[in-house]
Structures are given as structure tokens and as C-alpha cells.
Amino acid sequence: MTNINFRDLRYLVAVADHQHFGRAAAACFVSQPTLSTQVKKLEEYLGVQLVERTSKKVIVTPVGRMVSERARQVLNEVDDIVDVARAAGDPMAGDLRLGIIPTLGPYLIPHLFPVLQAEYPRLKVLLHEERTSGLIDRLREGSLDAAIMGAPIPDDALIPQPLFQEPFQVALPAGHSLAAQATIERADLGAVPMLLLEEGHCMRDQALDFCSTVGAQQQQDFRATSLETLRQMVATGAGVTLLPTLAVDPASAAREHIAVRPLAGAPPVRELAVYRRRGCAREPVISALAELIQNLPPVRHLSDP
């Protein structure tokens, strides 16, 4: 090896990410011997050991971690150069790597994608659903162009474009005493245990904030992995929860013996925004995506009186 090339940097980053030569090779679409050989040549060129090879796993050395992180930054810049060049020809074409939180994805995407495909048929959206912390990591490392998450995100390197506010509603078993009311007073929830999502969901934190304001307690022996699990637990009579409005389907709720009621007064809301890296080359398409979302009928109806 007479110099460093981008291909070998990608191999090193893949090894650092997967901690395994076989999985790294698969991710790079090359054979394991090819990837291993090129990483070895990179080590020889740099004069340092980047990875420790054992019979069971690969361990990235401290200098290997530093080099792989610098390599990731270089590759992100290279990818941005490619994106800038392609966007100059048609900013609304090509791939858009979009992340979204799982408490929003199933309820927004069915409305968004048909409109997106009709408006921008040359744009291919590669969707990745993950919790907020994982989406932030992917945005920082450059494997995502944008991510739709709850706001705010305390990271100056990530630029938000506000989308909408989504109110929460109370979901109760159909036979619950509060289900007879057209609206739920906050005081009524003071002694009601609330079913919540497990740690790692930003919506859990928002629900906990609400619980603290009304004096409600979380159900200590249960943590849901998804909104659908919460819904099913409410249907069995296990407890009460909060659901974001886009996740509420009155017809389905009736079939599942769930009563969904708004809160009296100003409802608690979550703020949704689409985030991108500062200087991201796909800013025009991300702005267009934000405008499409804001004009979707279900989203516009969230602000109806």
C-alpha cells in the first residue's frame, strides 16, 4: 500500500462498528479474506496495530478507535461531496436516509409515503426506525441524512426543523369508571396507575412529566416495548395510558374495547421535528419533506379547534 484509500477506511470503520470481520465484510459486500487483508495493509502503512485478532472476536485497539473515528469523519465529508454534486443536478432525486422514532413511524409513514412518492417520484426514501438515542448516533456518524424525533434534542451539531405538536389522549379500558366522561379532568388521574413505555423511549419521559404534574403513579410491574403493547394492555383492563393522537384509531379502539378520551383544558403535547446535521447537503429535500408533513391532512387536523 502506497497511500490510504477511502475503500480501506470504510473497511476499518465497518470492523470498528461490527467488532467482527465476517459481519464487517458482509456489510461492505466483500469477502472476509479481502477485508482482513486490506485492514492488515492499512496497519502496515500506518505502522500501528488497529485491531487485535483473537479466535472468537475482534478488538479495536485504542489507536484503532481514534483512527476509525477520524476515518468516519473523512468518509462523511466525502459522502457529502457526492451528495452536493448529485443535488446540483436534481435535489429531489436519489436516496434519502431517513430515521424515525417507533412511536411515530407506524402512524405517520402510511400518510406520508404516498404523497412523497407522488410529489417526488425520483426520490427514494430509505427508512430506519429506532429509538431517539440510536437515531442521534446515526445522524452524528453520517449513516442517516435526517431523523424525525421528539424535540428538543440537546445537540448543537443537529439542526431541527419543527414539524407539528401532537396532543396526548387518555386510553382506558371500555369498562373503566372514567370512560363514561366525555373529557378527563387531570384531578381524576391522580390515583390512577399509568402504563408506560420502557426506558429509552422519549415518549416515556413525556408521560412521566405529565404523571408528575397530575400526581399519577406509573405501574411499577410493567414496561411496554411499543405503543401497540400499551394498547393491548389497556384492552385487557390492565390499566390506563396516554396515546399520541396520530396513534388513535376510534374504530379500532371500539373493537378492542378501549375508550379514548381527551383531557379537559389544554392537552399535554409532544413536539416533533426533523433533524439534520449542520451543513448537510440534503437540506433542500429535508425542508421539502418537512413541508409535506406539515400539510398532511391528519397533521393539519391536530391543530383544529
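The values are calculated or read from the model by the stated rules, or taken from the named source; none is laboratory data. Note that the structure is a prediction, hence the values are computed from the model and not measured. Cβ sites come from the backbone with ideal geometry, for glycine too, and all protein chains shown count toward neighbours. Note: areas computed on protein heavy atoms with side chains; ligands, DNA, RNA excluded. Shrake-Rupley method; radii C 1.70, N 1.55, O 1.52, S 1.80 Å.
Restricting segment 126-149 to residues that are open to solvent by 10 Å² or more (accessible area, probe 1.4 Å) and in contact with a Lys or Arg (Cβ under 8 Å, 6 or more places away or on another chain), the residue that is modelled with the lowest pLDDT is E141.
One line per residue, one yes/no per condition, for (1) touching a Ser or Thr at 6+ places or on another chain (Cβ under 6 Å); (2) among the polar types (S, T, N, Q):
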| site | (1), (2) |
| --- | --- |
| E228 | no, no |
| M233 | no, no |
| T245 | no, yes |
| H257 | no, no |
| A264 | yes, no |
| C280 | no, no |
| P284 | no, no |
| L296 | no, no |
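The helices (runs of 4 or more DSSP H) falling completely within segment 1-113 that include 1 or more residues that are over 27 Å from T132 (Cβ atoms), open to solvent by 80 Å² or more (accessible area, probe 1.4 Å) and not aliphatic (A, V, I, L, M) map to 6-18, 32-46, 62-89.
Taken over segment 260-296, the criterion of being within 30 Å of L178 (Cβ to Cβ), at pLDDT 90 or above and outside any strand (DSSP E or B) is satisfied by P262 alone. How many of the residues in segment 264-297 are within 13 Å of E166 (Cα to Cα) and touching a strand residue (DSSP E or B) at 6+ places or on another chain (Cβ under 8 Å)? Going through segment 264-297 one residue at a time, the tally reaches 9.
If the condition is being open to solvent by 10 Å² or more (accessible area, probe 1.4 Å) and aliphatic (A, V, I, L, M), then segment 180-195 contributes A180, A182, A187, A191, V192.
Here's the yes/no breakdown for (1) open to solvent by less than 60 Å² (accessible area, probe 1.4 Å); (2) charged (D, E, K, R):
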| position | (1), (2) |
| --- | --- |
| A266 | no, no |
| L272 | yes, no |
| Y275 | yes, no |
| R278 | no, yes |
| E283 | no, yes |
| I286 | yes, no |
| E291 | no, yes |
| N295 | no, no |
| L302 | yes, no |
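Only one of P173, P167, P152 is within 16 Å of R276 (Cβ to Cβ) and either of a type in the set (S, T, N, Q) or touching a residue at least 60 places away in the same chain (Cβ under 8 Å) (or both); which? After ruling out the rest, the residue left standing is P152.
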